[in-house]
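In what follows, a single structure is set out as structure tokens and then discussed.
The values are calculated or read from the model by the stated rules, or taken from the named source; none is laboratory data. Worth saying up front: this structure is predicted, and the values here are computed from it rather than measured. Don't worry about glycine lacking a Cβ; one is built from the backbone with ideal geometry, like all the others, and counts go over all protein chains shown. To get the accessible areas, we keep the full protein, side chains included, count just its heavy atoms, and leave off ligands, DNA and RNA. Shrake-Rupley method; radii C 1.70, N 1.55, O 1.52, S 1.80 Å.
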Amino acid sequence: MRTRVKICGFTKAEDAVAAAYFGVDAIGLVFYPPSPRNVSIEQAINIVEALPAFVSVVALFVDEKESQIRDVLSKVSIDCIQFHGNETAKTCRVYNKPYMKAIRMKEGMDVANIAAQYDDASALLLDAYHPGIKGGSGSQFDWDLIPDNCSLPVILAGGLQVNNARQAVQKVKPYALDVSSGVESAKGIKDVAKMAAFIQEIKEGDR
């Protein structure tokens, strides 16, 4: 099975287009004002309109108001929602849109139970736990915390970069890898060479 690739936190259309041509499966747009990768609706529209065909667009929200999420969905062509806060399964379902639920991993986390709660999710995104930071910390968690059999597809995030992407594919065997800070030259600015190398390492890991 081919490991899919999502690169998150785009703020510039040209970076997203470059990722598309390197073979990324999905791009992530962050709608979370405290994040240095936060984009306005206008920025998001410009990025999405620049993309070629066959690239999915994921909108990331963190405990956002329903009205704000619906405003984004009404104006930006979004394929999937990523809920990165403390949203309940009921909250995630009200938009009638494919969604993934992010889990910040730490000792004692019952991934199987969480997967059962969000049983209609498209995937569980497993990220590093960091107090006060909701993703994009660049920290890696202990991959041994991931159960061998999860009822939902697993997207691995947290501390991924070029030098551990292949290992992540071979050890965890996730449905997809999700990277943000690991392929940046600055927060929100993607490094073209790093994106190309990251995707190539995943292809090598799949062989």
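Taking every alpha-carbon pair in region 69-130 and binning the separations at 5 Å intervals from zero gives 4, 17, 30, 23, 14, 8, 4, 1 percent.
For Met109, the accessible area of its heavy atoms, probed at 1.4 Å with every protein chain present, is near 60 square angstrom. Counting Lys and Arg as +1 and Asp and Glu as -1 over every other residue whose Cβ lies under 15 Å from the Cβ of Trp143, the net charge comes to -1. Amide H contacts of Gly158: Ala128, each under 5 Å away and 5 or more positions distant or on a separate chain (H built 1.01 Å from N in the peptide plane; Pro and chain starts excluded). At q = 0.13 Å⁻¹, what log₁₀ I(q)/I(0) does the chain have when each alpha carbon counts as one equal point scatterer in the Debye sum? Once normalised to I(0) and log-transformed, intensities are -0.65.
Quick check for you: with a 1.4 Å probe and neighbouring chains kept, what is the accessible area per residue of the chain, in Å²?
Details: 9600 Å² over 207 residues.
Accessible surface, normalised per residue, equals 46 Å².
Between Ser185 and Lys106, the modelled label-to-label distance comes to 3.6 nm, taking each label 7 Å out from Cα in the direction of the beta carbon. With 21 Å as the limit, write out which pairs from Lys171/Lys203; Lys6/Lys173; Lys65/Lys97; Lys6/Lys90; Lys6/Lys203 have Cα-Cα distances beyond it, or answer none. Over 21 Å Cα-Cα: Lys6/Lys90. If only the Cβ of Lys and Arg carry +1 and only the Cβ of Asp and Glu carry -1, the dipole of the chain around its Cα centre is close to 140 debye.
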